[in-house]
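Presented below is the structure to which this report refers.
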Amino acid sequence: ERDEFYLKLEIGRALGTEGLDALIESRRRLLETRRAGVIERRDCIDRSQDLDRWLVAETRRQHVEGSLEALDAYRALLDNAGSDKPAKPTGAVDIVAAGSDDPILERLGQHLVKTYPDASFSTRPLGSLGGLLALREQRAHLAGTHLIDVETGEYNVAFVKRLLFEEPVLLVNLSHREQGLMVASGNPKNIRGIEDLTRSDLTLINRQRGAGTRLLLHSKLKEAGIDTADVRGWSREGTTHDSVAEAIVAGDADLGMGIRAVADKHGLELIPIGQERYDLAIPKILWYSHLFTPLREVLEGSAFREELG
């Protein structure tokens, strides 16, 4: 697909920024209209009856959201074009991670900055699917993902092949982690497993669409023959494991899916559902590039591995 908008931006930038404001705002209105239309079409689809069509519509929505974010980033670049802000020093390492959140990513960034003071490592919790889409659209350097293929039980490989088919991508295993139902300390509601999600006295807080944790829960419900329409709170979403845990601690929900590390952090109990593989999806050309040399050294270093353990 060829879009003359980008050519206009390049020509406008070469000639000067005058007139680009109107061009960008026109584009923003178009994208916002497109987003509203996509959301309306998505919401008209019965997700429980036609998951494939719903996922296509949701993917289109995320594409439009990505285009809007890129437009905001370009706008910021134009605004700073004439500023006196000093440029980043040559050789600075700036890595953007998107996708599924995990406390390990935060620790990885801390180790990177401690070892390389000029480095920066930012994370965007978009969910596993959103992270892979951000990677495909070059809005991130790596994506944390733990998407299970319900047909094969394999993690991540099938999704990477389908979504990132234009270039070789490495799956760098970061951890195997335990997922389960996080509940209040002492388990006052006596929750025993997935089958309890249909109880009328329980309220779930779910993860956002596209999150691997949500997909895992959906697959477990499917195995148990439970319709998501019978689960109170299915449509209520938290964007991170921590936000789900905080809602349970505050009494705003009775349970939610999360990893043991986060349950322990918030003083919650975990009813185990199973182990899962958490990988970093990284374009091969980046993994072996000078940009990623510091990150590779941190990942392979003893200090990070000991803390990870």
Mind counting the residues in the range 181-222 that are over 17 Å from Arg236 (Cα atoms), in contact with an Asp or Glu (Cβ under 9 Å, 6 or more places away or on another chain) and small (Gly, Ala, Ser)? 3
Of everything in the range 152-168 that's within 19 Å of Asp102 (Cβ to Cβ) and outside any helix (DSSP H, G or I), which residue is least open to solvent (accessible area, probe 1.4 Å)? Asn156
Would you mind stating whether Asp242 is of a type in the set (D, E, K, R), part of a helix (DSSP H, G or I) and surrounded by 15 or more Cβ atoms within 10 Å (Cβ to Cβ)? yes
Within the range 196-217, work out how many residues are touching a Ser or Thr at 6+ places or on another chain (Cβ under 9 Å) and of a type in the set (Ser, Thr, Tyr). 1
Filter the range 267-297 down to the residues that are touching a residue at least 60 places away in the same chain (Cβ under 8 Å) and outside any strand (DSSP E or B) and list them by number. Gly267, Leu268, Lys284, Ile285, Leu286, Trp287, Leu291, Phe292, Pro294, Leu295, Glu297
What do you reckon, is Ser235 out of contact with any Pro (no Cβ under 7 Å at 6 or more places or on another chain), closer than 16 Å to Gly127 by Cα, among the small types (Gly, Ala, Ser) and outside any helix (DSSP H, G or I)? yes
Could you tell me whether the range 271-292 includes any residue that is open to solvent by 60 Å² or more (accessible area, probe 1.4 Å), among the aliphatic types (A, V, I, L, M) and at pLDDT below 90? yes
Out of curiosity, is Arg41 modelled with pLDDT of 85 or more and either out of contact with any Gly (no Cβ under 9 Å at 6 or more places or on another chain) or not polar (S, T, N, Q) (or both)? yes
Please identify the pairs in which a residue from the range 238-265 that is on the phi < 0 side of the Ramachandran plot has its Cβ atom under 6 Å from the Cβ atom of a residue that is of a type in the set (Asp, Glu) and open to solvent by less than 30 Å² (accessible area, probe 1.4 Å), counting only partners at least 6 apart or on another chain. Thr240/Asp101
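The values are calculated or read from the model by the stated rules, or taken from the named source; none is laboratory data. None of these values were measured; they are calculated from a predicted model. Don't worry about glycine lacking a Cβ; one is built from the backbone with ideal geometry, like all the others, and counts go over all protein chains shown. Please note that ligands, DNA and RNA were not included when accessible areas were found on the heavy atoms of the full protein model with its side chains. Shrake-Rupley method; radii C 1.70, N 1.55, O 1.52, S 1.80 Å.
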